[in-house]
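The values are calculated or read from the model by the stated rules, or taken from the named source; none is laboratory data. Because the structure is a prediction, the values reported are computed rather than measured. All Cβ positions, glycine included, derive from the backbone under ideal geometry; neighbour counts span all protein chains shown.
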Amino acid sequence: MPHIVIDKIKKIKYPVTVDDVEFLFEAENLIGVKTKKAKFLIKVLKKEKGFLVKYDKITRPLISEIKKAYKAFVKLNGANIIFENIEGIKEKIPDKNLLDITSDLSDVDIVEVGFGSGRHLLHLAKKYPDKIILGIEIHKPSIEQVLKRCIYENIDNIRIINHDARIILSKIPSNRLHSIYVHFPVPWDKKPHRRVINRDFINESVRALKKDGFLHLRTDSDNYFEYSLNEFLSFKEIDLKVQKNIPYEVSSKYEDRWRKMEKDIYDIYMINHTISDELVEDFDFSFECRLKNLDFAPKIYDNFVIHIEKVFKIDDKRELIRATIGNFNRPEHIYILNQETPEYFKSPAPIRENYLAHIELKRIFNGCACKS
């Protein structure tokens, strides 16, 4: 982690600005920082020799903004640097094809969930050169490999996102997608709640797919096939096409291996005939009053979780709350500046689970007649 060690710390009255870097407050060992491009926290820890200064992982900004903040903090304290490991670190140029949870997904035409080596994803990009293909993957080495292949093969219609597919699909506009592919997902036989295919995912697929668009599941797992088929058949109306051991237009390296082992491979196609209501994402993450009666017990709901982890005192009227909120399988770590009218230090990602957690957070730690 990029950090510095300095020889002394002064008693500072916050807020204060040094060289266009705003130091907003001191919350015990955390200091709020704002630059023209970022808002984040740095942490100061007393060591045997000097003071360690490093950025907070939850609010990590670009390296360039960390460098600015460290230099301004040294100047603010009239300190000398004993050690640093940041000057030699170069800013990694963002890949325009690598998206995040806040990215606009309104131009996506096709989605592949868990693309692995990327063989099928690249095939889709070449088959449909006029469509935007979104690959969703949690394995970072696979993401890096495919991004490199896109550069090498001059492919510019692939977008990649590192997140939970169930969350990302909920951000796709209604009636938008040509197709959704889930090829050889992890079976999760011992943790079935982690399976991609479930009623919520199928519902979101129906909403996001165009009329006559389709969801394609391909699996080598007997258990996953039977489980998924039952999930599909639990719907009152559904159009399914089921195949077994039918060759597909492109084969993964794992499928090649399984065929040599004479392992069965199943396909389920769900064809959509529904025209869904438009997706409404009007998420207001504001607060009306100070949060009170905080407790540290995790609160688990059907679709989300809330966990107040720690409270850092700023002064008699303010405190910084570190918490976890949002989707149970992929929660978000956040900070709340708790004051007369609280605010998120950095706003949560605009997704439904985060919003539901926000509303419940206000309700259970209600310091006034908050709106819901």
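Of note:
- A count restricted to region 209-224 and to residues that are farther than 27 Å from residue 174 by Cα, crowded, with 18+ Cβ neighbours inside 10 Å and not polar (S, T, N, Q) stands at 2.
- Sub-6 Å Cβ pairs linking a first residue in region 104-130 that is assigned by TED's automatic domain parsing to the domain that holds residue 176 to a second residue that is assigned to a loop (DSSP other than H, G, I, E, B) and among the polar types (S, T, N, Q), at least 6 apart or interchain, are 119/252; 125/157, ordered by first then second residue.
- Qualifying position, being within 24 Å of the chain's Cα centre (by Cα), surrounded by 11 or more Cβ atoms within 10 Å (Cβ to Cβ) and assigned to a strand (DSSP E or B), among 359, 334: 334
Residue-by-condition table, conditions (1) closer than 23 Å to residue 256 by Cβ; (2) not acidic (Asp, Glu):
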residue	(1), (2)
42	no, yes
47	no, yes
79	no, yes
112	yes, no
142	yes, yes
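- Answer from 133, 101 - the residue that is in contact with a Leu (Cβ under 9 Å, 6 or more places away or on another chain) and buried (at least 17 other Cβ atoms within 10 Å of the Cβ): 133
- Considering region 248-273, the residues that are assigned to a loop (DSSP other than H, G, I, E, B) and modelled with pLDDT of 95 or more include one that is nearest to residue 216 (Cα to Cα), namely 272.
- Matching residues in region 232-247 - criterion: being of a type outside the set (A, V, I, L, M), farther than 14 Å from residue 184 by Cα and assigned to a loop (DSSP other than H, G, I, E, B): 234, 235, 236, 237, 247
- Just one of (1) farther than 30 Å from residue 167 by Cα; (2) free of Cβ contacts under 8 Å to residues at least 60 places away in the same chain; (3) hydrophobic (A, V, I, L, M, F, W, C); (4) assigned to a strand (DSSP E or B) fails for residue 306. It is (1).
- Filtering 314, 325, 364 for residues that are at pLDDT 95 or above and either more than 22 Å from residue 170 (Cα to Cα) or over 21 Å from the mean Cα position of the chain (by Cα) (or both) leaves a single hit, 314.
- Of everything in region 17-50 that is in contact with a helix residue (DSSP H, G or I) (Cβ under 7 Å, 6 or more places away or on another chain) and aliphatic (A, V, I, L, M), the residue that is farthest from residue 348 (Cα to Cα) is 18.
- Considering the conditions (1) without any contact (Cβ under 8 Å) to a residue 60 or more places away in the chain; (2) more than 23 Å from the chain's Cα centre (by Cα), residue 84 is excluded by exactly one of them, (1).
- Pairing each residue of region 132-157 that is modelled with pLDDT of 90 or more with any residue that is of a type in the set (Lys, Arg) and assigned to a helix (DSSP H, G or I), provided the two are 6+ apart or on different chains, yields C-beta distances under 9 Å for 153/126; 155/126; 155/149.
- With respect to being within 17 Å of residue 116 (Cβ to Cβ), of a type in the set (Val, Ile, Thr), surrounded by 12 or more Cβ atoms within 10 Å (Cβ to Cβ) and in contact with a strand residue (DSSP E or B) (Cβ under 9 Å, 6 or more places away or on another chain), residue 206 falls outside the description.
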